[in-house]
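Please read the structure below before turning to the comments.
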Amino acid sequence: MIDYQAIDLSQIQPSQFYISEEKLRAIETWFDPADLSNFEPIPIKTLDGALVSTDGHTRCVAAMLHGLTAVPFVWEQDELDWEMYRRCITACKEKDVYSVDDLRHRIISASEYEIKWNQWCDAMQAEVTAEREKDSAP
């Protein structure tokens, strides 16, 4: 078994500003705060001086709701689109989401999540792509 490092949930800057109630319920079916062997570590990246979660937001909220203050983490190894993550973090801060604790109050239905998070992401990604195309045009 791999021995993962743990990170305090209060140190994590989320990169999404809503949690799907449906996804949270799905995690509740297997989550056991006394046994984190099934808990996939949260990928973390230091971005602009902040410890940012690139995935696993719902697992973090589940852990917090069960009284945990720290979770296993791994350093993000993938080369993701960091400009898009920066925009997500900016939007989080505009919505007063600075920690996992802030996400506990932003759990919404699956249909709301589709509109308020997934569609927001799609629009933001299209905007970034359009800006890049414009910048690279002769």
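Could you go through segment 54-70 and let me know if any residue there is in a helix (DSSP H, G or I) and surrounded by fewer than 17 Cβ atoms within 10 Å (Cβ to Cβ).
yes
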* Asked: Right, Ala34: among the aliphatic types (A, V, I, L, M), over 14 Å from Pro14 (Cα atoms), in contact with a helix residue (DSSP H, G or I) (Cβ under 8 Å, 6 or more places away or on another chain) and not in a strand (DSSP E or B) or not?
  -> no
* Which ones in segment 99-138 are more than 19 Å from the chain's Cα centre (by Cα) and of a type in the set (Asp, Glu)? -> Glu127, Glu131, Glu133, Asp135
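Here's the yes/no breakdown for (1) under 25 Å from Arg132 (Cβ atoms); (2) over 13 Å from the mean Cα position of the chain (by Cα); (3) surrounded by fewer than 18 Cβ atoms within 10 Å (Cβ to Cβ); (4) modelled with pLDDT under 95:
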residue	(1), (2), (3), (4)
Leu9	no, no, no, no
Ser20	no, no, no, no
Val52	yes, no, no, no
Ala91	yes, no, yes, no
Asp96	no, yes, yes, no
* Structure fact -> (1) touching a Ser or Thr at 6+ places or on another chain (Cβ under 8 Å); (2) under 20 Å from Tyr98 (Cα atoms) all hold for Lys23 apart from (2)
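Which residue out of Ile42, Ile115, Ile89 is more than 12 Å from Pro14 (Cβ to Cβ) and either of a type in the set (A, V, I, L, M) or in contact (Cβ under 8 Å) with a residue 24 or more places away in the chain (or both)?
Going through Ile42, Ile115, Ile89 in turn, just one is more than 12 Å from Pro14 (Cβ to Cβ) and either of a type in the set (A, V, I, L, M) or in contact (Cβ under 8 Å) with a residue 24 or more places away in the chain (or both): Ile115.
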* Asked: Can you pull out the residues in segment 28-50 that are of a type in the set (Val, Ile, Thr) and surrounded by 19 or more Cβ atoms within 10 Å (Cβ to Cβ)?
  -> Ile42, Ile44
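Test His66 against the criterion of being free of Cβ contacts under 8 Å to residues at least 24 places away in the same chain, of a type outside the set (D, E, K, R) and more than 22 Å from Ala123 (Cα to Cα), and give yes or no.
no
Among the candidates Glu21, Glu76, single out the residue that is in contact (Cβ under 8 Å) with a residue 40 or more places away in the chain and not hydrophobic (A, V, I, L, M, F, W, C).
Glu21
The values are calculated or read from the model by the stated rules, or taken from the named source; none is laboratory data. On a predicted model such as this, the values are computed, not experimentally measured, just so you know. Note: ideal-geometry Cβ built from the backbone for every residue, glycine included; neighbour counts use all protein chains shown.
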